[in-house]
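I have placed the structure first, in the form of structure tokens, so that the comments after it can refer back to it.
The values are calculated or read from the model by the stated rules, or taken from the named source; none is laboratory data. If you're wondering where the values come from, they're calculated on a predicted model, not measured in any experiment. A quick note on method: Cβ atoms are made from the backbone with ideal geometry, for glycine too, and the neighbour counts reach across all protein chains shown. The accessibility values were calculated without ligands, DNA or RNA, using every heavy atom of the protein model including side chains. Shrake-Rupley method; radii C 1.70, N 1.55, O 1.52, S 1.80 Å.
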Amino acid sequence: VSDLNLLIIDADKIGHDLLLSSDIKAQIRTSFGAAVFDDRGAVDRSGLAEIVFGSSSEQHEVLKQLEQILHPAIRREIQTQIGTVSRDVDAVILDAALLLEAGWDAECNWLIFVETPVEIREQRVIRNRGWSAEELARREATQLMISAKRDQADFIVDNSGSMGDAAAGMSQILTSLLSADSDN
């Protein structure tokens, strides 16, 4: 992938950045109250996650409330970034766990599913995010099933090995797509 000029749009990062916006914070305060804010007035992401990914019977509705606040704003930022991409960019990669659930796939020409076995996903979130395997399972339970995401993909990248192996698989797919696109 290193020989390609890519713009990577990280929907998760956009969502985190939006939590700093006064407009989004006001909407979250209205929907979830002051308890999801820290002493400095910032959204306490772990406290908010506890509410929206919790085990209460109302959890599904609460998560939907948060998505109604964040998803339209994330989509606008995705569209802004796509709309301002420079001509020398070979491809735009939209990295989004909720791509299909949020309807952001409408912005995409192709869907590439990066497949990672559950054991490796668990190891990575423990190492990178400090989550437990149970926390990962709780969050994934709120998403479209992995098999459904895989089934909707145009291409699949195996991410069970090294990052280099996954990058090589992604590069091969992108190079092939871009080559076919330039032939038309």
Inset, instruction - Examine region 111-129 for a residue that is buried (at least 16 other Cβ atoms within 10 Å of the Cβ), of a type in the set (D, E, K, R) and touching a Phe, Trp or Tyr at 6+ places or on another chain (Cβ under 7 Å), and state whether such a residue exists. - result: no
Inset, instruction - Taking R138 as meeting all but one of (1) in a helix (DSSP H, G or I); (2) in contact with a strand residue (DSSP E or B) (Cβ under 9 Å, 6 or more places away or on another chain); (3) open to solvent by 50 Å² or more (accessible area, probe 1.4 Å); (4) not hydroxyl-bearing (S, T, Y), write down the number of the exception. - result: (2)
Inset, instruction - Filter region 110-131 down to the residues that are touching a residue at least 24 places away in the same chain (Cβ under 8 Å) and assigned to a loop (DSSP other than H, G, I, E, B), then identify the one that is farthest from the chain's Cα centre (by Cα). - result: P117
Inset, instruction - Determine whether region 18-30 contains at least one residue that is open to solvent by 70 Å² or more (accessible area, probe 1.4 Å) and within 22 Å of E135 (Cβ to Cβ). - result: no
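Could you please let me know if D183 is at pLDDT 90 or above and either of a type in the set (A, V, I, L, M, F, W, C) or under 28 Å from D3 (Cβ atoms) (or both)? Break it down stepwise before answering.
Numbers: at pLDDT 90 or above: no; either of a type in the set (A, V, I, L, M, F, W, C) or under 28 Å from D3 (Cβ atoms) (or both): yes.
For D183, the condition - at pLDDT 90 or above and either of a type in the set (A, V, I, L, M, F, W, C) or under 28 Å from D3 (Cβ atoms) (or both) - is not met.
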Inset, instruction - Would you tally the residues in region 148-167 being in a helix (DSSP H, G or I) and open to solvent by 60 Å² or more (accessible area, probe 1.4 Å)? - result: 5
Legend entry - Pick from region 100-109, criterion over 10 Å from R75 (Cα atoms) and in a loop (DSSP other than H, G, I, E, B), ranking: most open to solvent (accessible area, probe 1.4 Å): N109
Inset, instruction - Find all pairs meeting these conditions: Cβ atoms under 8 angstrom apart; at least six residues apart or on different chains; first residue within region 48-64 and closer than 19 Å to I24 by Cβ and surrounded by 13 or more Cβ atoms within 10 Å (Cβ to Cβ); second residue hydroxyl-bearing (S, T, Y) and at pLDDT below 80. - result: V62/S56
Legend entry - Checklist (1) within 12 Å of the chain's Cα centre (by Cα); (2) touching a residue at least 60 places away in the same chain (Cβ under 8 Å); (3) open to solvent by 30 Å² or more (accessible area, probe 1.4 Å) applied to D90, failing item: (1)
Legend entry - Hey, D95 touching a residue at least 12 places away in the same chain (Cβ under 8 Å), closer than 30 Å to D181 by Cβ and open to solvent by 70 Å² or more (accessible area, probe 1.4 Å) or not: yes
